[in-house]
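The next block holds one structure in the form of structure tokens; read it before the comments.
The values are calculated or read from the model by the stated rules, or taken from the named source; none is laboratory data. Just so it is clear, the structure is predicted and the values come from calculations on it, not from any experiment. For neighbour counting, all protein chains shown are included, and Cβ atoms are generated from backbone atoms with ideal geometry for every residue, glycine included. We work out accessible area using only protein heavy atoms, side chains counted, and drop any ligands, DNA or RNA first. Shrake-Rupley method; radii C 1.70, N 1.55, O 1.52, S 1.80 Å.
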Amino acid sequence: MTGNELAAMYEFSYGAIKRNLDGVTNEESLVTPDPGGNCLNWVLGHMLVARDMLLTLTGGAPILKGEQAEHYRRGSNPIQAGDNVLDIGTLRGLLDDSQQRLIAALAAMPAEDLAAPVPEQFRRPPLTGSVGDALVRLHYHEGYHNGQIGLLRRLAGKPGAIA
């Protein structure tokens, strides 16, 4: 798989994410599903944490900084009322920034960089094998969470965005 092919996959994913986020307010993004689970705000922030790994693997710098990312990491506690988390508008802006950086980085990646092994400090399932393999697996991760955003959108009272 080439960097341009990966860029096309992430362009498609981004379009679906944007459609699922369309018209969602900050209040709606904080609706927690019953009997449990994470709200849309957490899922989008978590996707951005994963995109930070994508950016790192493609030679870029992360979008979320330090404490911003803590609420959204794998295994973090669900967001509670009063938690100091990023609002949905900020998360949308960070998604847009990550997309611009990611597409440029993927399109510029030579085949030898994609074939290189995942750097040791990041090597853990599912980030095993080559950098290209890891980028494909992270795309699956993004699609999985995008489906959750579609459902959380409906739980917040919005109509489905993707027919």
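In deg cm²/dmol and to the nearest 500, what is the mean residue ellipticity at 222 nm of the chain if only DSSP H runs of at least 4 residues count, each as -39500 (n - 2.57), divided by the residue total?
Values: 7 runs with 96 residues, N = 163.
Using -39500 (n - 2.57) per qualifying helix, the result is -19000 deg cm²/dmol.
Each listed q (0.13, 0.14, 0.15 Å⁻¹) maps to a log10 I(q)/I(0) for the chain from the Debye sum over equal C-alpha point scatterers, namely -0.60, -0.70, -0.79.
The base-10 log of I(q)/I(0) for segment 123-163, evaluated at q = 0.27, 0.28, 0.32, 0.35 Å⁻¹, reads -0.83, -0.86, -1.01, -1.09 [Debye formula, identical scatterers on Cα atoms, solvent excluded].
Accessible area per residue for the chain, computed on protein heavy atoms with a 1.4 Å probe, is 52 Å².
Comparing Ala81, Ala16, Ala69 in a Gaussian network model of the chain where C-alpha atoms under 10 Å apart are linked, the largest mean-square fluctuation is found at Ala81. Note on the chain: with neighbouring protein chains present and a 1.4 Å probe, carbon and sulfur make up 55 percent of its accessible heavy-atom surface.
Normalized C-alpha radius of gyration of segment 1-72, against 2.2 N^0.38 Å? Could the numbers behind the result be given before it?
On the way: Rg = 14.2 Å, N = 72, 2.2 N^0.38 = 11.2 Å.
Compactness ratio reported: 1.27.
Using a cutoff of 8 angstrom between alpha carbon atoms and counting only pairs six or more residues apart, the relative contact order for the chain works out to 36 percent.
Is there a quick way to get the dipole size of segment 90-153? I mean about its Cα centre, with the Cβ of Lys and Arg at +1 and of Asp and Glu at -1; what is the value in debye to the nearest 20?
Values: 6 positive and 7 negative charges, 59 e Å.
With Lys and Arg at +1 and Asp and Glu at -1, about 280 debye.
Average 1/r across all pairs of distinct alpha carbons in segment 92-163, invert it, and you get the Kirkwood radius: 14.4 Å.
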